[in-house]
1. Going through region 258-279 one residue at a time, which ones are within 14 Å of Leu333 (Cβ to Cβ), of a type in the set (S, T, N, Q) and open to solvent by 80 Å² or more (accessible area, probe 1.4 Å)?
2. Pull out all pairs, ordered by first then second residue, where Cβ-Cβ is under 6 Å, the residues are six or more apart or on different chains, the first lies in region 486-513 and is modelled with pLDDT under 85, and the second is open to solvent by less than 30 Å² (accessible area, probe 1.4 Å) and in a loop (DSSP other than H, G, I, E, B).
3. Which of the residues that make up region 430-462 are assigned to a helix (DSSP H, G or I) and surrounded by 16 or more Cβ atoms within 10 Å (Cβ to Cβ)?
4. Within region 246-257, track down each residue that is open to solvent by less than 10 Å² (accessible area, probe 1.4 Å) and either in a helix (DSSP H, G or I) or hydrophobic (A, V, I, L, M, F, W, C) (or both).
5. Would you check which residues across region 463-480 are part of a strand (DSSP E or B) and open to solvent by less than 60 Å² (accessible area, probe 1.4 Å) and list them?
6. Here is a list: Glu483, Glu494. Which entry is farther than 19 Å from Arg439 by Cβ and surrounded by 14 or more Cβ atoms within 10 Å (Cβ to Cβ)?
7. Restricting to region 298-334, give me the number of residues that are over 21 Å from Met484 (Cα atoms), of a type in the set (A, V, I, L, M, F, W, C) and buried (at least 21 other Cβ atoms within 10 Å of the Cβ).
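The values are calculated or read from the model by the stated rules, or taken from the named source; none is laboratory data. Since this is a predicted model, take the numbers as computed values, not measurements. Reconstructed Cβ throughout: ideal geometry from the backbone, glycine too, with neighbour counts over all protein chains shown. For accessibility, only protein heavy atoms count, side chains too; no ligands or nucleic acids. Shrake-Rupley method; radii C 1.70, N 1.55, O 1.52, S 1.80 Å.
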Amino acid sequence: MIFEDVVRSEQCDKRLGLQLTGDGRVPIRSLLSITHVCSKWRTAVLQRPTFWTRADDHNHEQLQAFTERSRGLPLSLCVSKTAATGLDTVDGLWPRLRRLDLRLSDQNCDAIDLLGILAPQLECLTVVLEGIDRLPDEAWQRFARYHFDAPCSQLKALALSPAAFMRPPYHFPNLTHLYLSFNFTGRRVELKALLSTLPMLEHLHLHALSKENSTVVPFDGVPVKLSRLRTLTCTQSHAQRAFDLLELIEFPVETMVRLQQLTCHRPANVSLPDIIASQEFWNSFSRLEVASEYFDMHAVAEGPRSGLWIQGTYTSNSTPFGWLRWFTEDFFLSLDMEKIEEIHTSAFYEDFAEEFVHSARHLKTLRVVVSDQEDEDWMSSYRFFHIVADFARAPWLELEELESIYIDTWACDGLATLDPGLFIELLENRSRAGFPIRRLHINLDTVRFDQEARNWFKKLLEPAREFVEDFQIFEGRPLCKMEMSHRWQVDEAEAYWGLPSDQRPRYILPFTE
């Protein structure tokens, strides 16, 4: 029926968003409006109990009506207005409660008593504190007694913001989804002790880890093994705290690891662990994507079933090498570069080029975005071809499997002095050695290059056609656009809640829009 589509569009799907902001109301306007269209529609809607399984506490009579109309089906309840005593009059609510979103503030802090109510079917709990950073220990203990310690606990999804009110001992026998926000300082969470109690965990999201509010280290050298983990996400956190997770947790090779919106004072002050707990995962990558602009960096490494995504920024104004040394002296050295078959970059520094040329022995495809930035971290077209020329006689010839080079040249400076002669010499030398570059595609930006400049550029590179099987120069057709792979949209990770938009996976660096 028509109204079914209307109701579904308002409710979106079976998920509710994490109630981190807003007024805590469940969207039901369309549902209620339909009941006033005509008696036929009202009867039809009332006969569909699935439409009445989501409610909030803003109107107790309405909540009672939803409880009755849902006819025994499991219920989802958002509490943000009233205290626990205000819900005692709702008959049949707690035995059927499957999801509870609890938002506590100074106005309804005594609603914490809801954590001490036995809800045997409770599968998902989200607790958000607004304006208060901790709960009474006894409230947590009451809740833990019912939902963590009980062998029959049905709790599968838990989201806490902030997480600082958690207390050991922990016991989560069936938990598959865990979201913890550390957006307040205070008592630290014993992260290793917590993770050690999650044998069924599949999706872990940690938010706002900092040096002050979380204990990832000290670490005793024995990692926590999460054998069912599918996604590990850390957002808006200190870079070193996020990197420490790679030593703390051992997970399967097919896990997707996203460390996004990380911060540090200087890249030199942070480093990857000397020992990565999930070494099989770390050695599984065949594709590498790196980008850098001023204070920001972006690195993606992907394998057949695995993925690592690191995105961060630094705050110091006196860091001459930016992220360059972190890439060359930390990140690249930690990877098994001999397994890398494709590199996609917009951070083609001299040292960077030398590093992967000497280590990525089985590189097959190179994609380069040439920027028009004048910062020393970037290169112009002029610098790009001279960087390549520096390797024309030796290291580049050692990359015997390199067959394809794609170049997006956005730079307009230096064209008047550009001499691609040595680059063409590289193509010639490789052809004569028996491992030619079979595909060379170059795109000229039509905004920064006028037609005269583009024609001149094509003429300079025309001799390359003799040595390349597939040589093409395009105009205004991006060849190296960085785009987020669909593999990062893991729907199961949000099976119980939709993440806030600023914590969802998205590319935010140049050449990725």
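1. The initial filter retains those residues of region 258-279 that are within 14 Å of Leu333 (Cβ to Cβ), namely 271-276.
Right, trim to of a type in the set (S, T, N, Q) and you get 271.
The answer is none; no residue qualifies.
2. Qualifying pairs under 6 Å: Phe511/Ser346; Phe511/Met482; Thr512/Met482.
3. To start, the set of residues in region 430-462 that are assigned to a helix (DSSP H, G or I) comprises 430-433, 451-462.
Hits for region 430-462 are Arg430, Ser431, Arg454, Phe457, Leu460, Leu461.
4. Filtering region 246-257 down to residues open to solvent by less than 10 Å² (accessible area, probe 1.4 Å) leaves 246, 248-249, 255, 257.
Matches in region 246-257: Leu246, Leu248, Ile249, Val257.
5. From region 463-480, those part of a strand (DSSP E or B) are 470-475; that's our starting set.
Selection gives Asp470, Phe471, Ile473, Phe474.
6. Numbers: Glu483 fails: surrounded by 14 or more Cβ atoms within 10 Å (Cβ to Cβ).
Checking each option against the conditions leaves just Glu494.
7. Of the residues in region 298-334, 3 are over 21 Å from Met484 (Cα atoms), of a type in the set (A, V, I, L, M, F, W, C) and buried (at least 21 other Cβ atoms within 10 Å of the Cβ).
One line per residue, one yes/no per condition, for (1) among the small types (Gly, Ala, Ser); (2) open to solvent by 10 Å² or more (accessible area, probe 1.4 Å); (3) modelled with pLDDT of 75 or more:
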{"residue": "Leu158", "(1), (2), (3)": "no, no, yes"}
{"residue": "Arg167", "(1), (2), (3)": "no, yes, no"}
{"residue": "Thr176", "(1), (2), (3)": "no, yes, yes"}
{"residue": "Thr185", "(1), (2), (3)": "no, yes, no"}
{"residue": "Leu191", "(1), (2), (3)": "no, no, yes"}
